[in-house]
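Trainee: I have a structure I would like to understand better, so I am pasting it below and will then ask my questions one at a time.
The values are calculated or read from the model by the stated rules, or taken from the named source; none is laboratory data. Owing to the predicted nature of the structure, the values given are computational and were not obtained by experimental measurement. We place every Cβ from the backbone using ideal geometry, glycine too, and count neighbours over all the protein chains shown.
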Amino acid sequence: MAAAKPFLSDIQTIRDRARRHMEQGAITPSYTLDRDTVLKLLNEALATEIVCVLRYKAHYYLASGINAKSVAAEFLEHANEEQQHADQIAERITQLDGTPNFEPDGLSSRSHSEFVVPDDLAAMIEENLVAERIAIDSYREIINFIGDADTTTRRMLEEILAVEEEHAEDMKTLMEDFGEKGEPAKPKSTRPSMMKPAAKVREVGPRTRK
Ligand SMILES: [Fe+2]
Ligand SMILES: [Fe+2]
């Protein structure tokens, strides 16, 4: 920190600046980041969260169908938390005078994580762990990019990152417990035929990763 730097600009300068460009809302001249880049990164994070909601929801209904209630409950809890993250990010994009991108077209290529729905519980848990680890890495990178230049966005992303770390830990624990608690997916040969339509890995869009 530069010792010579005054703690604040003089109050009159701050007041004058605040009256200019009022249409920019929360964006004041002291916002030193490239806003387009921040908005692009936040929209990618938004797409990532939406894909995570969809993936956890798909896994929730599938796991409920194979009677894996406690695992399904965990998927649903995560789906709801990813939805909260999506809402937080969309709100911040709006505060930064951007437009949250909810366009379904291109969603999976904007997203860092993938929409993969395997047909058995172990593979679902693994897929979620992979997605959480992708989210963790990309949030860390965005936080590093933002640095101290936008503390509100940074704080929000740090809070989300902490939840993603919990999610990853939850999935790791489920993986470790898998098969020990008597509630895993049934062996392939005895799986009910109603599960057949989902018995393939589906992907939407290209597997593009940032
Ligand atoms: Fe999330
Ligand atoms: Fe997550």
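Trainee: Please specify each residue of region 150-189 satisfying the condition of being of a type outside the set (D, E, K, R), surrounded by 14 or more Cβ atoms within 10 Å (Cβ to Cβ) and modelled with pLDDT under 95.
Mentor: Once the filter is applied, which keeps residues that are of a type outside the set (D, E, K, R), surrounded by 14 or more Cβ atoms within 10 Å (Cβ to Cβ) and modelled with pLDDT under 95, region 150-189 yields L174, M175, F178, P184, A185.
Trainee: Could you tell me which residue of region 29-87 is surrounded by the most Cβ atoms within 10 Å (Cβ to Cβ), considering only residues that are among the acidic types (D, E) and over 30 Å from D148 (Cα atoms)?
Mentor: E74
Trainee: Let me ask something else about it. Just one of the numbered conditions (1) surrounded by fewer than 20 Cβ atoms within 10 Å (Cβ to Cβ); (2) under 28 Å from L33 (Cβ atoms); (3) among the small types (G, A, S) is not true of A135; which one?
Mentor: Status for A135: all satisfied but (1).
Trainee: Would you call E114 acidic (D, E) and under 14 Å from the mean Cα position of the chain (by Cα)?
Mentor: Yes.
Trainee: Need the failing condition index for R133 against (1) within 13 Å of ligand 2 (Cβ to nearest atom); (2) assigned to a loop (DSSP other than H, G, I, E, B), just the number.
Mentor: Status for R133: all satisfied but (2).
Trainee: Then there's this: Six or more apart or on different chains, Cβ atoms under 8 Å: show the pairs whose first residue is in region 77-88 and within 12 Å of Y60 (Cβ to Cβ) and modelled with pLDDT of 95 or more and whose second is near ligand 1 (Cβ under 8 Å from one of its atoms) and not charged (D, E, K, R).
Mentor: Filtered contacts from region 77-88: H78/C52; H78/H167; A79/C52; E82/C52.
Trainee: Out of S70, S113, which single residue is of a type outside the set (F, W, Y), within 22 Å of L174 (Cβ to Cβ), touching a Lys or Arg at 6+ places or on another chain (Cβ under 8 Å) and away from ligand 2 (no atom under 11 Å from the Cβ)?
Mentor: Every option except S70 fails the conditions.
Trainee: Answer yes or no as to whether N128 is within 15 Å of ligand 1 (Cβ to nearest atom), assigned to a helix (DSSP H, G or I), at pLDDT 95 or above and under 22 Å from A168 (Cβ atoms).
Mentor: Judged against the criteria, N128 is a match.
Trainee: For region 60-67, state whether one or more residues are touching a residue at least 12 places away in the same chain (Cβ under 8 Å), within 11 Å of ligand 2 (Cβ to nearest atom) and assigned to a loop (DSSP other than H, G, I, E, B).
Mentor: No - not one qualifying residue is present in region 60-67.
Trainee: Checking R92 against (1) among the charged types (D, E, K, R); (2) over 22 Å from V71 (Cα atoms); (3) within 16 Å of ligand 2 (Cβ to nearest atom), which test does it fail?
Mentor: That leaves (3) as the condition not met.
Trainee: Within region 38-59, is even one residue outside any helix (DSSP H, G or I) and either more than 11 Å from the chain's Cα centre (by Cα) or free of Cβ contacts under 8 Å to residues at least 40 places away in the same chain (or both)?
Mentor: no
Trainee: Which is more than 11 Å from ligand 1 (Cβ to nearest atom) and under 21 Å from I136 (Cβ atoms), of H59, H78?
Mentor: From the options H59, H78, the qualifying one is H59.
Trainee: Considering only region 123-142, I want to know if a residue exists there that is in contact with a Gly (Cβ under 9 Å, 6 or more places away or on another chain), under 15 Å from L41 (Cβ atoms) and either touching a residue at least 12 places away in the same chain (Cβ under 8 Å) or among the charged types (D, E, K, R) (or both).
Mentor: The answer is no; no qualifying residue exists.
Trainee: Also, quick follow-up: What do you reckon, is L33 out of contact with any Cys (no Cβ under 9 Å at 6 or more places or on another chain) and within 16 Å of ligand 2 (Cβ to nearest atom)?
Mentor: Taking the combined requirement at face value, the residue does not satisfy it.
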